[in-house]
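This report refers to the structure that appears directly beneath it.
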Amino acid sequence: MTRLARPALSKLLTLLLIAPMTFIIVVVNFWIYRARAEYIERFPDIAAIKPPTISRAISDPLIGKPFAFWITLSAVMLIPAFIPVCRLYWRSGGRLHEVDPAAGAAIRRGTVLLAISLAATAVGMVMLSHYTFPNHHREHMLGSYTFFIGQAVVMALIAWMCFRLARHPLPPGEVTSRKVIDPRVSRLRAPLAAASLLVAAAYLGLFLLKGVDLPAGNRLVYRAYVLLEPALISLCLAVFATYYLDVIRALGRPRKA
């Protein structure tokens, strides 16, 4: 292969690997806000009294059908999007095993759990988008729980693995080889993923409080709950976006230590 062809091939591989992640980030962000905006536009009187959650917004078939199509595509894209990420974690665990066998084995176990949790998240995305209110309340709630719990486990695993990788330096030359998760990026990603867990805890608290009869009323609590839902999803997508740095870096030319 010529020297000119190698950079072109590297750029093509980079685009192919980051395309699924880009699709998920753009499409999911777009539809979680568009669904609510369309519902508010179509039913302003109802929305003024009770702002719609995403689930309530997609109960309207005119909104829910295209939402289900694009969210299902995004769920499918989770698999190719995270294959390179999981490979980098798996390789990082193997290299870390050389300096800390227990930590290396833990990272590899975490990688397996990450893949399983991502699969559960994808299943939840499909279920909650295809089974909507009012005819499929139970199925929709099951899909919502599967999605949010799966996503919370994903964020917890990311925070935990990145924290361990940031604390345990890899053997000399491994980081510069580019084929592992970058500990420097992990130092950024770990607190960002941890922040998403705090937001998720606040969201859960609001979810429980919205049904409680409070002295000051539930209007403010419900509004906060409705607004925090898409914000939480966007924050998790921001965590996903940090993997651009690792994947693009992994396809670059190795640098000398």
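Being in contact with a helix residue (DSSP H, G or I) (Cβ under 6 Å, 6 or more places away or on another chain) and of a type in the set (Lys, Arg): is that true of Arg36 here? So Arg36 passes the test. Within the range 123-152, being crowded, with 18+ Cβ neighbours inside 10 Å and either of a type in the set (Ser, Thr, Tyr) or within 12 Å of the chain's Cα centre (by Cα) (or both) holds for Met125, Ser129, Tyr131, Thr132, Ser144, Thr146, Phe147, Phe148, Gly150, Gln151, Ala152.
Within the range 30-46, the residues that satisfy the criterion of being open to solvent by less than 40 Å² (accessible area, probe 1.4 Å) and under 18 Å from Ser74 (Cβ atoms) are Trp31, Ile32, Ala35, Arg36. Selection over the range 47-60 of residues that are open to solvent by 80 Å² or more (accessible area, probe 1.4 Å) and at pLDDT 95 or above gives a count of 1.
Taken as a whole, the structure places Val76 among residues that are hydrophobic (A, V, I, L, M, F, W, C), in a helix (DSSP H, G or I), touching a residue at least 24 places away in the same chain (Cβ under 8 Å) and open to solvent by 60 Å² or more (accessible area, probe 1.4 Å). Which members of the range 65-122 meet the condition of being under 26 Å from Tyr145 (Cβ atoms) and either among the acidic types (Asp, Glu) or out of contact with any helix residue (DSSP H, G or I) (no Cβ under 9 Å at 6 or more places or on another chain) (or both)? Lys65, the sole residue that qualifies.
If we scan the range 113-122, do we find a residue that is more than 21 Å from the chain's Cα centre (by Cα) and surrounded by 15 or more Cβ atoms within 10 Å (Cβ to Cβ)? Within the range 113-122 (the criterion being more than 21 Å from the chain's Cα centre (by Cα) and surrounded by 15 or more Cβ atoms within 10 Å (Cβ to Cβ)), the answer is no, since none of the residues qualifies. Screening Gly124 with (1) under 20 Å from Val226 (Cα atoms); (2) in contact with a Pro (Cβ under 8 Å, 6 or more places away or on another chain) gives one miss only, at (2). Annotation note: Cβ proximity below 6 Å between a residue of the range 81-108 that is closer than 15 Å to His168 by Cα and open to solvent by 70 Å² or more (accessible area, probe 1.4 Å) and a residue that is part of a helix (DSSP H, G or I) and among the small types (Gly, Ala, Ser) (sequence gap 6+ or interchain) occurs for His97/Gly104; Arg108/Gly93. For the range 201-221, a tally of residues being assigned to a helix (DSSP H, G or I) and either open to solvent by 40 Å² or more (accessible area, probe 1.4 Å) or within 21 Å of Ala81 (Cβ to Cβ) (or both) returns 8.
The values are calculated or read from the model by the stated rules, or taken from the named source; none is laboratory data. In this text the structure is predicted, and so the values were computed from the model without any measurement. Methodologically, a virtual Cβ is constructed for each residue, glycine included, from the backbone with ideal geometry; neighbour enumeration extends over all protein chains shown. Only protein heavy atoms, including side chains, enter the accessible area calculation; ligands, DNA and RNA are left aside. Shrake-Rupley method; radii C 1.70, N 1.55, O 1.52, S 1.80 Å.
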